[in-house]
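The values are calculated or read from the model by the stated rules, or taken from the named source; none is laboratory data. Values in this document were obtained by computation on a predicted structure and should not be read as measured data. Please note: Cβ atoms are built from the backbone with ideal geometry, for glycine as well, and neighbour counts cover all protein chains shown. These accessible areas exclude ligands, DNA and RNA; they are computed on the full protein's heavy atoms, side chains included. Shrake-Rupley method; radii C 1.70, N 1.55, O 1.52, S 1.80 Å.
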Amino acid sequence: REVLELINKALGPVFFELVEKTTESIRLCAPLIKEEIMKRVFENKQDRVRIDVVTDLNVENFQLGLSDISALEMVQEKQGTIFFNSRLNAKLYIFDSKYSIVTSANLSPTAFENIFEYGIVFDNKDLVKQTVKDFYSFCSSDNAGLVTSEDITSLKKILKRIPLFPVIF
């Protein structure tokens, strides 16, 4: 029996249930990534589970606190792999190449706990296989590349030199 579930609430409960069940690999694709969520991923995943991340390295997202450099550092410290894609807007989470979540939710506490998001979780083999293929195409397109520790250090230096401006809405 295939799993097909609509997510029309905060993403956290469904996401972390799959993190705990995963035995091999977790692939996370989101333009915004926060330390609190990555910390919970590492606390809840099994030790041998590999993490691959594709995100956007837009300096403004880090400057405004929408993404955390510390989240990227955590992934690297735990031997995960990080890719960037400068045109990324997709939010896609893959667990053991068995389950996928396609959603509106970034990897942020707000999206996981406080606001209503929308998406779908499924285990249809053909669709999951396609999401895995798409994940790796996001990592290898013309607008993408591997993120090194030197890249993170450079980004931190840039952010130290940019004055922080208040966000006005």
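Key figures
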quantity	calculated
Residue check, Arg50 within 21 Å of Ala111 (Cα to Cα) and either among the charged types (D, E, K, R) or open to solvent by 20 Å² or more (accessible area, probe 1.4 Å) (or both)	no
Among the residues listed as Val14, Val3, Val59, Val41, the single one being surrounded by 14 or more Cβ atoms within 10 Å (Cβ to Cβ), on the phi < 0 side of the Ramachandran plot, hydrophobic (A, V, I, L, M, F, W, C) and over 14 Å from the mean Cα position of the chain (by Cα)	Val14
Verdict on Ile69 being open to solvent by less than 30 Å² (accessible area, probe 1.4 Å), in contact with a Lys or Arg (Cβ under 8 Å, 6 or more places away or on another chain), within 22 Å of Lys129 (Cα to Cα) and among the aliphatic types (A, V, I, L, M)	no
Residues being among the aliphatic types (A, V, I, L, M), more than 15 Å from the chain's Cα centre (by Cα) and open to solvent by 30 Å² or more (accessible area, probe 1.4 Å) - total across the range 91-134	3
Answer from Glu117, Glu113 - the residue that is assigned to a loop (DSSP other than H, G, I, E, B) and touching a residue at least 24 places away in the same chain (Cβ under 8 Å)	Glu117
Unique residue being touching a helix residue (DSSP H, G or I) at 6+ places or on another chain (Cβ under 7 Å) and among the charged types (D, E, K, R) when the list is Lys160, Lys129, Lys125, Lys156	Lys156
Of residues in the range 56-80 being in contact (Cβ under 8 Å) with a residue 60 or more places away in the chain and β-branched (Val, Ile, Thr), the one farthest from Glu24 (Cα to Cα)	Val59
Test result for Ala30, aliphatic (A, V, I, L, M), modelled with pLDDT of 95 or more and under 14 Å from Ala111 (Cβ atoms)	yes
Among the candidates Thr148, Thr153, Thr55, Thr81, residue that is in contact with a Pro (Cβ under 9 Å, 6 or more places away or on another chain) and among the hydroxyl-bearing types (Ser, Thr, Tyr)	Thr55
Filtered residue count, the range 72-90, keeping only those that are aliphatic (A, V, I, L, M) and open to solvent by 20 Å² or more (accessible area, probe 1.4 Å)	2
Odd one out for Ile115, checked against (1) hydrophobic (A, V, I, L, M, F, W, C); (2) modelled with pLDDT of 90 or more; (3) closer than 19 Å to Leu92 by Cα	(2)
Some residue of the range 81-88 being basic (Lys, Arg) and touching a residue at least 24 places away in the same chain (Cβ under 8 Å)	yes
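Let's see how each residue does on (1) closer than 20 Å to Leu127 by Cα; (2) part of a loop (DSSP other than H, G, I, E, B):
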| residue | (1), (2) |
| --- | --- |
| Phe15 | yes, no |
| Val19 | yes, no |
| Leu28 | yes, no |
| Met38 | no, no |
| Asp47 | no, yes |
| Phe62 | no, no |
